[in-house]
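This report concerns only the one structure given below.
The values are calculated or read from the model by the stated rules, or taken from the named source; none is laboratory data. Values in this document were obtained by computation on a predicted structure and should not be read as measured data. All Cβ positions, even for glycine, are placed from backbone atoms using ideal geometry, and neighbour counts span all protein chains on display.
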Amino acid sequence: MNQINQQITEKINGAEETKRQIFFMNKAKDYVETLAGKLGRKPTCCVTTFGCQMNARDSEKLAGILEKVGYELTENEEADFVIYNTCTVRDNANQRVYGRLGHLNSLKKKNPHKRIALCGCMMQEPSVIEKIKQSYRFVDLIFGTHNIYKFAELLTIMFESDNMVIDIWQDTDEIVEDLPVERKYPFKSGINIMFGCNNFCSYCIVPYVRGRERSRSPKDIIQEIEALVADGVVEIMLLGQNVNSYGKNLEEPMTFAQLLKEVEKIEGLQRIRFMTSHPKDLSDELIQVMKESKKICRHLHLPLQSGSTKILTQMNRRYTKEQYLALAEKIRKEIPDIALTTDIIVGFPGETPEDVDETIDVVKKVKYDNAFTFIYSKRTGTPAAAMENQVPEEVVKEGFDRLLKVVQDTARERVALLQGQTLDALVEEVNEQDSSLLTGRLSNNTIVHFKGGKELIGTIVPVYLKECHGFYYLGERA
Ligand code: 5AD
Ligand code: SF4
């Protein structure tokens, strides 16, 4: 990928950086106050997230800073400040951003004080920056994934500038702790345990836009969780592109399983989830820790990507169909009530209908509780984009439809197995369609709707699983 040479802020060591950003938060606050004076009201802001759980967590950090400097958070893009936290894992995510930017421009024409910012994975691509500079001149601020902790500083630069402010870094080894965060849910939270990815699956752009793998220290992670629990959090999701290789680059190396054991000890914490696991790194130690744990949820997301060993080799996944099947069988044997979910790509270069048959065979054998199926998207700069044997669209579509049907049938079958059981659900919200119902999540990630009052939100209650409706249940409080 081409080098980007658009760095305007500088790298400073961790603790110093935290102090520096607090300084800039105060400075940005003055600008927001001045704006409030002009508007005659508190300025509003809107953070829109595209993509994965990592981005959702990053958006909470952006929202934390915006709130701190005096903005009022809203979900309406008519706000005085709108930031898109973008994803670039597949091209359709990029297209959605371009599509929505046009609308933001028309809103900006009506509100001269409006400021528009873009950040996240898509901004790490030089071709994207070029396109925005040429065709989307109305954007005020652009930064990438490596300097997100500079947000307060970048906001002040934006307020002081009449031109588009662009700050993109090539990489970073810095992890800056202790900046404000505004959580979406009071009772559950994501926590980054590591950043970046070293795997270089041949189709994937993540290692290029998120950089090399860096683990946070266990001390910082535990402290953050303890503070969250003290603030009412009962469920956490440990986040990393490949949590199974956590801790390898720490001064005192530690395995992910060891980290989980430490997290388990935190009093008041009730549920632990994590995402994502690479099958090649999933250890027996982890399976044992999950099996013995009272808090780790009965759910494992284990991306398959393809069931054909030939395609897996081309994808640089470093496991075979047989190794994956053996792993899934071992997990099911040790933890029978676990839900397995997965990601699958259809249409990788060179994939034949027979390769799709192999994938379908794995789905039938593993019986996933849910599977996210994606059509292969060519990402510039990845090895797969340069492969010659790209698959024609109609062949991809045929394979995709065939796979989807099997995925849905097996998932329905799996979810139906819970019928008649009474299981604990964490109550997450009032049902969007029917306000007499609450929506809760079982340990194995299945959703259940049941009658109840909103005072139960954030608590864990036993629910009788009465009727299975495909992928969710209607239940009754037990
Ligand atoms: N095309 C389609 N799907 C992709 N994924 C990653 N890169 C691509 C791509 N180029 C999928 C993988 C991954 C999930 C997050 O996105 O299945 O597990
Ligand atoms: Fe991408 Fe593979 Fe890393 Fe996942 S493990 S982020 S698919 S390179």
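For segment 119-139, the candidate set comprises residues that are assigned to a helix (DSSP H, G or I) and small (Gly, Ala, Ser); within that set, the residue that is farthest from residue 42 (Cα to Cα) is 127.
Considering segment 434-451, the residues that are in a loop (DSSP other than H, G, I, E, B) and within 20 Å of the chain's Cα centre (by Cα) include one that is surrounded by the fewest Cβ atoms within 10 Å (Cβ to Cβ), namely 445.
Picking from residues in segment 389-407 that are more than 28 Å from the chain's Cα centre (by Cα) and aliphatic (A, V, I, L, M), the one that is nearest to residue 360 (Cα to Cα) is 395.
Pick from 381, 458: which is under 28 Å from the mean Cα position of the chain (by Cα), surrounded by fewer than 16 Cβ atoms within 10 Å (Cβ to Cβ) and assigned to a loop (DSSP other than H, G, I, E, B)?
After applying the criteria, what remains is 381.
The single condition among (1) surrounded by 20 or more Cβ atoms within 10 Å (Cβ to Cβ); (2) among the β-branched types (Val, Ile, Thr); (3) within 30 Å of residue 306 (Cα to Cα) that residue 255 does not meet is (1). Applying a threshold of 9 Å to beta carbon distances and a minimum spacing of six or more residues, or different chains, the list of pairs starting in segment 299-321 at a residue that is without any contact (Cβ under 8 Å) to a residue 24 or more places away in the chain and ending at one that is within 15 Å of ligand 2 (Cβ to nearest atom) and of a type in the set (Lys, Arg) reads 312/318. Looking at 245, 215, just one residue is more than 14 Å from ligand 2 (Cβ to nearest atom), among the hydroxyl-bearing types (Ser, Thr, Tyr) and at negative phi, and that residue is 215. For the subset of segment 262-282 comprising residues that are within 16 Å of ligand 2 (Cβ to nearest atom) and outside any helix (DSSP H, G or I), which member is surrounded by the most Cβ atoms within 10 Å (Cβ to Cβ)? Filtering segment 262-282 for residues that are within 16 Å of ligand 2 (Cβ to nearest atom) and outside any helix (DSSP H, G or I), the one surrounded by the most Cβ atoms within 10 Å (Cβ to Cβ) comes out as 274. Test residue 177 against the stated conditions and say whether it is more than 30 Å from residue 456 (Cβ to Cβ), surrounded by fewer than 18 Cβ atoms within 10 Å (Cβ to Cβ) and more than 16 Å from ligand 1 (Cβ to nearest atom). Yes; evaluated as a whole, the condition is true for this residue. Scanning segment 390-405 finds one or more residues that are small (Gly, Ala, Ser) and farther than 27 Å from residue 188 by Cβ.
For segment 34-92, the set of residues classified as polar (S, T, N, Q) and closer than 30 Å to residue 376 by Cα consists of 48, 49, 53, 55, 59, 85, 86, 88, 92, listed by residue number. When 331, 344 are screened for being out of contact with any Phe, Trp or Tyr (no Cβ under 6 Å at 6 or more places or on another chain) and closer than 18 Å to residue 274 by Cβ, only 331 passes. Applying the condition of being surrounded by fewer than 17 Cβ atoms within 10 Å (Cβ to Cβ) and not in a helix (DSSP H, G or I) to segment 339-366 and asking which residue is farthest from the chain's Cα centre (by Cα) yields 352. None of 155, 250, 238, 228 is away from ligand 2 (no atom under 14 Å from the Cβ), among the aliphatic types (A, V, I, L, M), in contact with a Ser or Thr (Cβ under 7 Å, 6 or more places away or on another chain) and closer than 20 Å to residue 59 by Cα except 228.
Screening the candidates 142, 116, 166 for the property of being under 22 Å from the mean Cα position of the chain (by Cα) and either buried (at least 16 other Cβ atoms within 10 Å of the Cβ) or part of a strand (DSSP E or B) (or both) yields one hit, 142. Every listed requirement among (1) closer than 28 Å to residue 197 by Cα; (2) in contact (Cβ under 8 Å) with a residue 60 or more places away in the chain; (3) out of contact with any His (no Cβ under 6 Å at 6 or more places or on another chain); (4) among the aliphatic types (A, V, I, L, M) is met by residue 411 save one, (1). Cβ separations smaller than 7 Å between residues 6+ apart or across chains give the following pairs from segment 366-378 residues that are farther than 17 Å from residue 346 by Cα and touching a residue at least 60 places away in the same chain (Cβ under 8 Å) to residues that are polar (S, T, N, Q) and more than 6 Å from ligand 1 (Cβ to nearest atom): 369/341; 369/444.
The rows are residues; the columns are (1) away from ligand 2 (no atom under 14 Å from the Cβ); (2) on the phi > 0 side of the Ramachandran plot; (3) at pLDDT 95 or above.
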position: 159; (1), (2), (3): yes, no, yes
position: 166; (1), (2), (3): yes, no, yes
position: 171; (1), (2), (3): yes, no, no
position: 176; (1), (2), (3): yes, no, no
position: 204; (1), (2), (3): no, no, yes
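All conditions in (1) in a loop (DSSP other than H, G, I, E, B); (2) within 24 Å of residue 442 (Cα to Cα) hold for residue 307, with the sole exception of (2).
Scan segment 61-72 for residues that are touching a residue at least 40 places away in the same chain (Cβ under 8 Å) and either within 18 Å of residue 118 (Cβ to Cβ) or crowded, with 21+ Cβ neighbours inside 10 Å (or both) and report the count.
Taking segment 61-72 first, the residues touching a residue at least 40 places away in the same chain (Cβ under 8 Å) are 61-70.
Remaining after also requiring either within 18 Å of residue 118 (Cβ to Cβ) or crowded, with 21+ Cβ neighbours inside 10 Å (or both): 61-63, 65-66, 69.
The number of residues fulfilling the criteria is 6.
Of the residues making up segment 441-471, just one is among the aromatic types (Phe, Trp, Tyr) and within 12 Å of residue 419 (Cβ to Cβ), namely 464. Which of the numbered conditions does residue 393 fail, given that it passes all the others? Conditions: (1) within 18 Å of residue 309 (Cβ to Cβ); (2) away from ligand 2 (no atom under 16 Å from the Cβ); (3) of a type in the set (Asp, Glu). For residue 393, the exception is condition (1).
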